[in-house]
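A short write-up of the structure that comes next.
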Amino acid sequence: MSHSRAYRLSSLLLLLVVGLTGFAQAASERKPPIRTGIWVMQKLPEDPSSFEEFSSHVRSNSHLSGVCLNFAWKTIEKEQGKPDFTALDKTVDVLRKLNMKYQLCLKPGANTPDFVYNQGAQAFPTQVTNPHRADVGQAIRIPVPWDLIYEKDFSSIIQELGQRYASDPLCVSVVLTCANFVSAEMHLPKTRGDISRWAALGHYDTKLLEVYKRYTDEWATAFPKQEVSLHLAKVLDLPISFTEQIVDYGASKYPDRFTIQNCQLTGRREDIGNKTYELVLRYRDRIHHGFQSLAGLSHPNDRMGSVEMAALNVVHAQGEYWELWHGDGMSSATSAAVAKAWDDAKQAGYEGYKQKLAAEGKYRN
C-alpha cells in the first residue's frame, strides 16, 4: 500500500472514530425523556357525570402515567378572540386533584372554526377517506396550511393556551399541530384529486416545510418547558426525506424536548417496514420518541393484534412511552396487561422476548 493511500485510509478511520465518539457523547448527554410509561387518550368530558366517570377511572388505574387531552379548535373558540376554556379548565382541575400529568393536543384541520374561513382564509375542500371512521365519505374542508389568515388565528390560540397552561408543572407535553386533516398526525388529504389540487397551489413541499418550521418554534415558544411531540406520517406524495427535514429541524433547535411519535403501533406482526416506524428506528438513539396504538387492544381484532407483539415493537424501537386508546387506558385490566407485557419485553430484550413469543406460539411476522 502506498504512503498516500495509507494516509488517506488512516484519516478516514480517524474521522469515523471521532464521529462515532461524538455521536455516543451526544446520546449519553441527552436529558431524560419528559414522558414515560403508559398514557391514555381522552376527549374533554361534556357533563358532570362524564367528569366524575373520568376522575374515577383515572384515580383507580395505577398503571397510568398521564392523560393526553384531545380537543378540537372549533369547540373552544367559536368566535374569534373569545376562546372558552371552561371544559378544558374543569378537566385539568380533575387531573390536578389527582396529581396526574397531562398533554395538550389542539386539533386544527377539519376542526378549524368557521370564523377563520369567514375572514377569507382559503379552504381546501375534500372528503373523509378513512374507512374506520364513522364519517367516512363526508365532505369536509381544511384550511390551506400556509394561508396567512389561518396562521394568524391559529398562532393566536396557541399563545392563549401557553399563557394559560405552560406554567402548570403537570402540563408536560403539547402536540405539534399545524398542517392536519382529521387527526393530529401529519396526514393531509391525498387522493389523486387532492394531489392535483395541492399541485395547483404551487410548491407545496417548500411551503409545508416552512409551516412546520414556524409552528415547531411557535409551540416551543408558547410552552418553553414542555415536550413538543410531532405525530409522524407520510405527507402527501412527498418522500420520507421531507419528514426527516422537519425532524432534523426540531431536534437541532430543541434537542432535550423535541419528540417524535409513531401513531401506527400494531401487534399484528413486527412493524418493520412501516415508514414511520422505520423513521423512529433511525432516530431512536438521538431523539426522544414514543408510540400510540393504531386501534384498541381491549377486544381481539385484526386491526390492532396482540398486546405481546405490540410490546415487542415498542421494545425493539426503545419506546419511552405508549399511548393507549381511551377504552384501553381507562380499563385497569387492559392497562395492567399492557404494563406486564411491556415490562416482560424490556426485561427479556428484543431478541429474548421475540424467542419467548415464538416458543409460546404468539410470534407473528
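The values are calculated or read from the model by the stated rules, or taken from the named source; none is laboratory data. Keep in mind the model is a prediction, meaning the values are calculated, not measured. Neighbour counts are summed over all protein chains in view; Cβ atoms, including those assigned to glycine, are modelled from backbone coordinates with ideal geometry.
Selection of first residues in the range 110-125 that are farther than 16 Å from Ser155 by Cα and of second residues that are part of a loop (DSSP other than H, G, I, E, B) and β-branched (Val, Ile, Thr), restricted to Cβ pairs under 6 Å at least 6 apart or on distinct chains, gives the following pairs, ordered by first then second residue: Ala110/Val182; Gln122/Val144; Phe124/Val144. Filtering the range 258-286 to residues that are surrounded by 21 or more Cβ atoms within 10 Å (Cβ to Cβ), closer than 20 Å to Asp217 by Cα and either polar (S, T, N, Q) or touching a residue at least 40 places away in the same chain (Cβ under 8 Å) (or both) leaves Phe258, Thr259, Gln261.
Please go through the range 221-238 and pick out each residue that is assigned to a helix (DSSP H, G or I) and surrounded by 19 or more Cβ atoms within 10 Å (Cβ to Cβ). Give the derivation first.
Looking only at the range 221-238, we keep the residues that are assigned to a helix (DSSP H, G or I), and these are 221-222.
Of everything in the range 221-238, just one residue is assigned to a helix (DSSP H, G or I) and surrounded by 19 or more Cβ atoms within 10 Å (Cβ to Cβ), namely Ala222.
Quick check on the range 332-354. Is at least one of its residues crowded, with 19+ Cβ neighbours inside 10 Å, among the aliphatic types (A, V, I, L, M), in contact with a Leu (Cβ under 9 Å, 6 or more places away or on another chain) and in contact (Cβ under 8 Å) with a residue 60 or more places away in the chain? Yes: one or more hits.
From the list Lys207, Lys190, the one residue that fits, being touching a Leu at 6+ places or on another chain (Cβ under 9 Å), in a loop (DSSP other than H, G, I, E, B) and of a type in the set (Lys, Arg), is Lys190. Given the residues Ser241, Ser229, Ser196, Ser183, which is the only one that is farther than 25 Å from Asp147 by Cβ and hydroxyl-bearing (Ser, Thr, Tyr)? Just one listed residue meets the conditions, Ser241. The residues of the range 93-135 that are under 21 Å from Trp198 (Cβ atoms), of a type in the set (A, V, I, L, M) and surrounded by fewer than 17 Cβ atoms within 10 Å (Cβ to Cβ) amount to a single one, Ala123.
Scanning the range 165-174 for any residue that is in contact with a strand residue (DSSP E or B) (Cβ under 8 Å, 6 or more places away or on another chain) and among the charged types (D, E, K, R) turns up nothing. Among the residues of the range 52-82, those identified as assigned to a helix (DSSP H, G or I), among the hydroxyl-bearing types (Ser, Thr, Tyr) and in contact (Cβ under 8 Å) with a residue 12 or more places away in the chain are Ser55, Ser60, Thr75.
May I ask you to verify whether Tyr7 is of a type outside the set (Gly, Ala, Ser), at pLDDT below 95 and surrounded by 10 or more Cβ atoms within 10 Å (Cβ to Cβ)? Give the steps one after another, and end with the answer.
On the way: of a type outside the set (Gly, Ala, Ser): yes; at pLDDT below 95: yes; surrounded by 10 or more Cβ atoms within 10 Å (Cβ to Cβ): yes.
Criteria met by Tyr7.
Surrounded by fewer than 21 Cβ atoms within 10 Å (Cβ to Cβ), within 24 Å of Ser155 (Cβ to Cβ), of a type in the set (Ser, Thr, Tyr) and free of Cβ contacts under 8 Å to residues at least 12 places away in the same chain: which single residue out of Ser241, Ser252 fits that description? Lay out the reasoning, then the answer.
Details: Ser241 fails: within 24 Å of Ser155 (Cβ to Cβ).
Residue meeting the stated conditions: Ser252.
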